[in-house]
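Report on the following structure.
The values are calculated or read from the model by the stated rules, or taken from the named source; none is laboratory data. Note that this is a predicted model, so its numbers are computed, not measured. Reconstructed Cβ throughout: ideal geometry from the backbone, glycine too, with neighbour counts over all protein chains shown.
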Amino acid sequence: MSRLRRADWLWRFAEPPERIWPALADTARFNEAAELPKHRIEEVLQQDGSVIYIGRARFGPFEISWRDIPVEWSAGRHFRHTRRFRNGPFVLMTASLALTREGAGTRADYTLEVEPANLLGRLILACGFFRNTERTFTRLIGGIADYAAGRAEQPYAAKGAALSDEASKRLQAQLRQVEAEGVRPALTRRLGTLIVEGSELDLQHIRPLRLARQWGEPEREVIELGLRAVRAGLLTLQWELLCPNCRGAKAGAATLERLPRGAHCATCNIDYERDFSRNVELTFRPSPAIRPLSEGEFCLFSPMTTPHVAVQQTLAPGETRDVPAELAFGAYRLRTLHPGGAAPVEWNSGGFPAVVADSKGVHAGPPAPPGMVRLENRGEREVTLVVESRAWVAEALTAHRATTMQSFRDLFATEILRPGDEAGIGQVTLMFTDLRGSTALYGRIGDAAAYRLVREHFAFLAETVREHDGAVIKTIGDAVMAAFSDPSRALAAALAVQGRVAAFNRDHPDGGGAEGDGVVIKLGLHTGACIAVSLNGRLDYFGGTVNLAARLQGQSRGGDIVVSEDLANDPAVAGQLAKLGAQPETALVKGIETPVAFRRIVGVAG
């Protein structure tokens, strides 16, 4: 006779499954709201390359340990999470969720299965274990409905923290300091509320882009709020090296100088290198002097910890499984949870390609029936198969984006790499500008007046670059080098620079350019890969992308914008260039043997 005990709950929501899934599948947040203790995870590498996860937590006077089985799920549909206990009152505990669309709403079926290990376990189950669980569920479910309907930022009310009098005074003083630096009071109030009332899950890794989305505020303002809060001592800054598979932070440092060049993810059992534009993220957390946070996990395998994973299933040797899934056409990667190969797919029509694992790795098979994902394990050992979107997490403030913001470079000028170190950047867009006829300008109005004009022109360029989320990297004589993480923002900044030149000249009537018409700016743009290095105590860029961007500025006649073909081919830029009537040209440039193709935009100087 089975000793397994089971309880079922049924909830109905007015909102569709895609609105309910992010709440009920966020098991880490759910566990924190249910006031379950954090636990420690030990990752034990096996000879076949897989990993066993051992959890440990204290419940009253007892320390319980268990094997955490990787969660199985199909995003928006169902999940199943099992723990096999090594000691304590239970042998096994499994939580399952299934969401079904009912008209415009959702039916949610939740099942909890528990197998007692001994007399104590049977007594716990007999004395109201499931009733107490139901009371917790009842307390939390109402928040999910408010969240799904857009009436709440989070599905579960956070417990928050009771700050000491000293910490509260320090918090208010530091918030006033941030405000004094020009940050809007509405933002500082929201940050203060988050620090006091926020969940530990949110405070361990404060992501400014996520806050901006939740608060409905401009991203740049929220990023600058965090940076200034670090300067005030309210927050601490973290550089985190994210695993390209699970996206967990497996290495990190408080400064770029201490950030390792690579890391090992024990969860996925892979080694990986850093890339500033892909997997180095800047996050914040409260200063321990304000609100210290405990260490540990609320749930290692929460589906919402890896929202890019659409399907994750564990298959026995020789098993084939069809899993209902609602996937959008696009770019995916098929892989195993642990080392075992991966296969990129571009899915644009028909059924989704089968995910096939064998002794040679993972590859795509024939299309599955519509609305299904077919998984096949042709190997001789158990394997966890994963279908994931190839789009990187949208809410990560990458090191590349952070270090190409003017506010970061102004506030953290000493944030540099170790001498001799370098960091790869998958794509950066560079702007080079120069003044046309600057030598004649000095002769025309005199050295002192020309120097003042050039300095004010630098300030004008820096302000425009900052407004478009870029940063001035350095000045070289009368020239400026600026960097942007977003190609379309770089083009917008270039258009703004040339569009505002006339206004700048009106404000400086004594400027008088080489031909008496004020300053005339030459401008070139290029995008591509490069490396970040430390040069003269500041972060700088090096490589062919930098050289070509500078050469393209040399092709500018002044008042126009020269755009490389690489930048012109960016999807977000191509449409703008067509509207602007950019004309194709080629020219020989210094250092490159073959002619270089580019586009020229004219008639944009205001």
Inset, instruction - Return a yes/no flag: does the stretch 521-534 have any residue that is surrounded by fewer than 22 Cβ atoms within 10 Å (Cβ to Cβ), over 20 Å from Thr429 (Cβ atoms) and in the same structural domain as Arg436 (by TED's automatic domain parsing). - result: yes
Inset, instruction - Give Gly262, Gly318 a once-over and let me know the one that is at pLDDT 90 or above and farther than 23 Å from Glu197 by Cα. - result: Gly318
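Conditions tested, residue by residue: (1) over 17 Å from Thr403 (Cα atoms); (2) more than 17 Å from the chain's Cα centre (by Cα); (3) aromatic (Phe, Trp, Tyr).
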residue	(1), (2), (3)
Cys246	yes, no, no
Ala254	no, yes, no
Leu282	no, no, no
Ala289	yes, yes, no
Legend entry - Selection from the stretch 374-403 of residues that are surrounded by fewer than 17 Cβ atoms within 10 Å (Cβ to Cβ) and of a type in the set (Lys, Arg): Arg378, Arg381, Arg390
Inset, instruction - Scan the stretch 6-35 for residues that are within 15 Å of Phe301 (Cβ to Cβ) and out of contact with any helix residue (DSSP H, G or I) (no Cβ under 8 Å at 6 or more places or on another chain) and jot them down. - result: Asn31
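Taking into account only those residues within the stretch 144-175 that are of a type outside the set (Gly, Ala, Ser) and without any contact (Cβ under 8 Å) to a residue 12 or more places away in the chain, which is nearest to Arg213 (Cα to Cα)? Can you show your working first?
Step one: list which residues in the stretch 144-175 are of a type outside the set (Gly, Ala, Ser), which gives 144, 146-147, 151, 153-156, 159, 163, 165-166, 169-172, 174-175.
Next cut, without any contact (Cβ under 8 Å) to a residue 12 or more places away in the chain only: 146, 151, 165-166, 169.
Values: Asp146: 18, Arg151: 15, Asp165: 32, Glu166: 32, Lys169: 29 Å.
Checked the stretch 144-175; the qualifying residue nearest to Arg213 (Cα to Cα) is Arg151.
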Legend entry - Filtered residues of the stretch 479-499 (kept if surrounded by fewer than 20 Cβ atoms within 10 Å (Cβ to Cβ) and either in contact with a helix residue (DSSP H, G or I) (Cβ under 7 Å, 6 or more places away or on another chain) or not assigned by TED's automatic domain parsing to the domain that holds Gly518 (or both)): Ser488, Ala496
Inset, instruction - Test each condition in (1) under 18 Å from Ser74 (Cα atoms); (2) out of contact with any Cys (no Cβ under 8 Å at 6 or more places or on another chain); (3) at pLDDT below 90 for Gly340 and report the one that comes out false. - result: (1)
Inset, instruction - Go through the stretch 305-336 and give me each residue that's surrounded by fewer than 13 Cβ atoms within 10 Å (Cβ to Cβ) and aromatic (Phe, Trp, Tyr). - result: Phe329
Inset, instruction - Determine which member of the set Ala249, Ala212 is at pLDDT 90 or above, closer than 30 Å to Arg189 by Cβ and outside the structural domain of Gln312 (by TED's automatic domain parsing). - result: Ala212
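Got a sec? Which of Leu337, Leu327 is closer than 20 Å to Ala28 by Cα, assigned by TED's automatic domain parsing to the domain that holds Glu380 and out of contact with any Asp or Glu (no Cβ under 9 Å at 6 or more places or on another chain)? Can you show your working first?
On the way: Leu327 fails: closer than 20 Å to Ala28 by Cα.
Result of the check over Leu337, Leu327: Leu337.
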Legend entry - Residue list for the stretch 151-178, restricted to those being outside the structural domain of Glu200 (by TED's automatic domain parsing), of a type outside the set (A, V, I, L, M) and surrounded by 15 or more Cβ atoms within 10 Å (Cβ to Cβ): Gln154, Pro155, Tyr156, Gly160
Legend entry - Residues within the stretch 309-343 that are closer than 25 Å to Cys265 by Cβ and aromatic (Phe, Trp, Tyr), tallied: 1
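Being outside any loop (DSSP other than H, G, I, E, B), modelled with pLDDT of 90 or more and in contact with a strand residue (DSSP E or B) (Cβ under 9 Å, 6 or more places away or on another chain) is the requirement here; does Arg374 meet it?
Values: outside any loop (DSSP other than H, G, I, E, B): yes; modelled with pLDDT of 90 or more: yes; in contact with a strand residue (DSSP E or B) (Cβ under 9 Å, 6 or more places away or on another chain): yes.
For Arg374, the condition - outside any loop (DSSP other than H, G, I, E, B), modelled with pLDDT of 90 or more and in contact with a strand residue (DSSP E or B) (Cβ under 9 Å, 6 or more places away or on another chain) - is met.
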Legend entry - Members of the stretch 517-544 that are at pLDDT below 90 and of a type in the set (S, T, N, Q): Ser534, Asn536
Inset, instruction - State the number of residues belonging to the stretch 409-444 that are part of a helix (DSSP H, G or I) and crowded, with 17+ Cβ neighbours inside 10 Å. - result: 4
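Tell me, which residue of the stretch 71-101 that is assigned to a strand (DSSP E or B) and small (Gly, Ala, Ser) is farthest from Thr267 (Cα to Cα)?
The first filter runs over the stretch 71-101 and keeps only residues assigned to a strand (DSSP E or B), leaving 72-74, 78-85, 90-101.
Still in the list and also small (Gly, Ala, Ser): 74, 95-96, 98.
On the way: Ser74: 20, Ala95: 22, Ser96: 23, Ala98: 26 Å.
Taking the candidates together, the pick is Ala98.
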Legend entry - Residue that is farthest from Ala440 (Cα to Cα), among those in the stretch 454-510 that are assigned to a loop (DSSP other than H, G, I, E, B) and not small (Gly, Ala, Ser): Asp486
Inset, instruction - Sort out which residues of the stretch 230-244 are outside any strand (DSSP E or B) and either within 30 Å of Tyr272 (Cα to Cα) or at pLDDT 95 or above (or both), and write them in order of number. - result: Val230, Cys243, Pro244
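Restricting attention to the stretch 7-65, report how many residues are without any contact (Cβ under 8 Å) to a residue 12 or more places away in the chain and either within 21 Å of Tyr156 (Cα to Cα) or not in a strand (DSSP E or B) (or both). Spell out the reasoning first.
Keep residues of the stretch 7-65 that are without any contact (Cβ under 8 Å) to a residue 12 or more places away in the chain, which gives 44, 46-47, 60-61, 63.
Imposing the further condition that a residue be either within 21 Å of Tyr156 (Cα to Cα) or not in a strand (DSSP E or B) (or both) reduces the set to 46-47, 60-61.
Going through the stretch 7-65 one residue at a time, the tally reaches 4.
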Inset, instruction - For the stretch 292-304, state whether one or more residues are assigned to a strand (DSSP E or B) and buried (at least 21 other Cβ atoms within 10 Å of the Cβ). - result: no
Inset, instruction - May I ask you to list the residues in the stretch 154-186 that are under 16 Å from Glu221 (Cβ atoms) and within 21 Å of the chain's Cα centre (by Cα)? - result: none
Inset, instruction - Filter the stretch 337-358 down to residues that are surrounded by 15 or more Cβ atoms within 10 Å (Cβ to Cβ) and in contact (Cβ under 8 Å) with a residue 24 or more places away in the chain and give me whichever is farthest from Arg381 (Cα to Cα). - result: Phe352
Inset, instruction - For Gln406, work out the one condition from (1) over 29 Å from the mean Cα position of the chain (by Cα); (2) buried (at least 19 other Cβ atoms within 10 Å of the Cβ) it doesn't fulfil. - result: (1)
Inset, instruction - Any chance you could count how many residues in the stretch 281-301 are hydroxyl-bearing (Ser, Thr, Tyr) and either assigned by TED's automatic domain parsing to the domain that holds Asn245 or touching a strand residue (DSSP E or B) at 6+ places or on another chain (Cβ under 6 Å) (or both)? - result: 2
